[in-house]
Amino acid sequence: MEVKNIDYSKPIEIAHNVFWVGKRSELEFEMNVYLRIFEGNGKKINMLIDPGPSTDLEVVSDKLEMVLGPGYQIHLAFINHQDPDVGMNTVFFQRHFPNLQVIATEDTWRLIRFLGLNPKRFIPIEKFKTGKIKLITGHRMTFIPTQYCHFRGASAIFDEEHRILFSGDLFGGLTDSPDIYADESYWEGIKIFHQIYMPVNLALKTAVDNIRSQATDLKMIAPQHGRLIKDDLVDDFLERMRNLQVGLDLSQRSKMTSDSFISAMNEILQEVTNKVDAVIVNNTIRAFGSDGSFPEILVTKDERIISVKIGLEEAFQLFVNQLLIDLNEEQTKKIKFIVMNTLTFWNINAENFSLEESGNAESVTADGDLLEASDANQSGEPINLEKVMQALYKHSGGEKFARLATLRLLVKIPPQLLKRNNIEGYNDLIEMKETTDADFAHHLFKAVETIIGKSISEILSE
Ligand SMILES: [Fe+2]
Ligand SMILES: [Fe+2]
């Protein structure tokens, strides 16, 4: 959905009587706060969901006033888990509205009570044996346990009327635009956040299974960070989440393996400084700097990489992609050579990466019709590349990620085929609409499949 021109300084009504009242700071890592108004049986209840960090208090309270008018009341606050970015503002609201009741799990309460919340105004979720509450307005909400995502006592809340799941940190993610609604590209931001903050895949799998069984006909996921997920993305992201490797899954790799990757990356940086251009190294290091709202993916110190916060292969791939941005042909050639040499030296399997030598090792799952022509070289019949390239951009998302995806694509196509098609860099590839070179199309389709994770027939039928 196009959400340009939305004024983020105003509350946004995401469903009838459900408002996004968060703040956008143009950081990678944004917080969301929601207001749910229940009206019925002559009563009105205002509930805050994850009231947010104190840094956002002013914006949140201004937006509440815009929705509810001056002299408003907040009756309930739901808190997903104990982190200050989720619940800190509850203290200020409770000072203002002494009758404000706090709903959370007992695990969460044991920690948030230290913020100075009134124990007499705490309602434990555990009190509701069925996991459901019915409000005096007639509305129903279901609490869905999402243990260890990322806190043991985390709980999501499901609005049965609108089929919206307020999921806390689960499905939160980094963003590269202020839009509040997710597109396909948001998955990359979710992935990075979860790889760092979530403990283990089993926690995600269990949470997704709970959500699927209890939040039936789910229409929207409203996380505490990043963007809101709706329409087809809901099922798609649930499935991806269920299979995502995070935290311990990634760090179970032996220290030796992780040391090899880090040494290899530092050696590449050193070689590029010595043999190509130190500016490229500086740019790469700078590109991995964080704006402070989120940990760095690659942690650097004194122009060296000291640790990696996401999967090793993934980090290495991003590192190489970054290194190869905006280079001339000569530099690209030299750097690819350095990368390959270093990988060999450190005994790291180059086939896991999008370097042209890996081309043959990838499995082909594609549609026969499109790929059969690959035996021939110049088939004469033009093959349309536009739809596939569009799909690549769509799936890889915002500009930031589309560029990375194109670079990944470039290194997956053998250089002689690039040359044959007069592709010398990024721009040539994005401008290419068709080719008569079936070999080239074959490699391109195969690479797009690997990057998107779907077969060409699936991609084209979308
Ligand atoms: Fe958290
Ligand atoms: Fe959070």
query = What shape does the range 253-353 take by its C-alpha gyration tensor, where a ≥ b ≥ c are the square roots of the eigenvalues and a/c under 1.5 counts as rounded, a/b above b/c as prolate, and the rest as oblate?
reply = oblate
ask   = Under a 1.4 Å probe, what is the accessible area of the chain per residue, stated in Å²?
value = 45
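Any idea what the dipole of the chain comes to, in debye rounded to 20, about its Cα centre with Lys/Arg Cβ at +1 and Asp/Glu Cβ at -1?
That gives a dipole near 2380 debye.
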ask   = What are the residues whose amide H is under 5 Å from the amide H of Glu161, where those residues sit 5 or more places off or on another chain and H is modelled from the backbone?
value = Arg140
remark   = If unit charges are put on Cβ atoms (+1 for Lys and Arg, -1 for Asp and Glu) and the dipole of the chain is taken about its Cα centre, the option from Val33, Ala287, Met198 lying farthest towards the positive end turns out to be Val33
key: Probe 1.4 Å, all protein chains present, accessible-area order of His96, His139, His194, largest first   = His96, His139, His194
task = Mind running the shape call on the chain? Use the C-alpha gyration tensor, a ≥ b ≥ c as the square roots of the eigenvalues: rounded below 1.5 for a/c, prolate if a/b tops b/c, oblate otherwise.
result = prolate
request  = Pop out the carbon and sulfur fraction of the accessible area of the range 12-248 as a percent, whole number, probe 1.4 Å.
outcome  = 50
key: Among Leu57, Pro84, Gln147 the positive-end extreme of the charge dipole of the range 22-174 (Cβ point charges)   = Gln147
query = Which links in Lys230/Lys387; Lys120/Lys205; Lys191/Lys446 stretch past 26 Å when you go from one Cα to the other?
reply = Lys120/Lys205
request  = Over the range 253-353, with every protein chain in place, what whole percent of the accessible area is carbon and sulfur at 1.4 Å, could you tell me?
outcome  = 50
query = 222 nm [θ] for the chain, helices only, -39500 (n - 2.57) per DSSP H run of 4+, per residue, to 500?
reply = -12500 deg cm²/dmol
task = Please list, in chain and number order, the residues 5+ apart from Arg227 or on another chain whose amide H is under 5 Å from its amide H, with Hs placed from the backbone.
result = Gly173
remark   = Filtered hits (lysines, Cα-Cα < 18 Å from Lys336, offset >= 8 within chain) -> Lys275, Lys412, Lys419
remark   = Rounded to the nearest 5, the percent of DSSP beta bridges in the chain running antiparallel is 70
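The values are calculated or read from the model by the stated rules, or taken from the named source; none is laboratory data. Computed from a predicted model, the values in this text were never measured in an experiment. Quick reminder, even Gly has a Cβ in these numbers, built from the backbone with ideal geometry, and neighbours come from all protein chains shown. Calculation scope for accessible area: heavy atoms of the full protein, side chains included, ligands and nucleic acids excluded. Shrake-Rupley method; radii C 1.70, N 1.55, O 1.52, S 1.80 Å.
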